[in-house]
Amino acid sequence: MNHDPNCIFCKIVEGKIPSRKVYEDDEIFAFHDINPWAPVHFLVIPKEHITSIAHLEDRHAALMGRIMLLIPKLAAQEGCNPYPEGGFRIVSNTGAEGGQEVQHLHIHVMGGARPWKRG
Ligand code: 5GP
Ligand code: ZN
């Protein structure tokens, strides 16, 4: 699998940087954001180093489908309240103007009672 030795999220996948794990399988890793904006705030990433949503290829279709299907399950597991009163927000910052700081595709999942610190 493609890893970038200088990427902090690849290092998290490999356990070289510690994280609070939410979920792991052979293709996907999820962990709590170190600087949460909301009562629930975790990141879902492919284990493969894909730079951003803009870098996806046709071969990633099933992987991205699995990530989307996993998100509501993990959101509930991590304490997001049920739809429609609860729910959650997903965000994937892409590129400089998209506000992306870490260049490894990640989906923010945020939820829980308001107000939130941001967003
Ligand atoms: P971006 O702005 O790229 O969408 O968001 C990157 C996110 O990664 C930020 O919310 C930031 O708090 C989080 N983050 C950056 N470095 C680390 C880290 O080493 N560990 C964890 N758990 N989160 C990180
Ligand atoms: Zn990476």
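Laboratory data are not the source of any read-out in this text; all were calculated from the coordinates shown. Note that the structure is predicted; figures quoted are calculated from it, not measured. So basically every Cβ, Gly included, is an ideal-geometry build from the backbone, and we count neighbours across all protein chains shown.
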Tabulate in residue order the Karplus-calculated ³J(HN,Hα) for region 32-48, using 6.51 cos²θ - 1.76 cosθ + 1.60 with θ = phi - 60°, rounded to whole Hz; enter x for Gly and Pro. 5, 5, 5, 10, x, 9, 9, x, 10, 8, 10, 10, 10, 9, x, 5, 5
For the chain, any Cys whose C-beta has no other cysteine C-beta under 4.7 angstrom counts as unpaired, and these are 80
Please order 22, 102 by the number of other Cβ within 10 Å, starting at the fewest. 102, 22
Just how large is the dipole of region 8-111 about the Cα centre, in debye to the nearest 20, putting +1 at every Lys and Arg Cβ and -1 at every Asp and Glu Cβ? 200
Rounding to the nearest 10 and keeping the result within 0 to 90°, find how far the Cα-based axis of helix 61-77 lies from the longest principal axis of the chain. 30
Taking a ≥ b ≥ c as the square roots of the Cα gyration tensor eigenvalues, with a/c under 1.5 meaning rounded and otherwise prolate when a/b beats b/c, else oblate, which class fits region 8-111? rounded
For region 53-118 and region 1-35, write down the distance between their C-alpha centroids in whole Å. 15
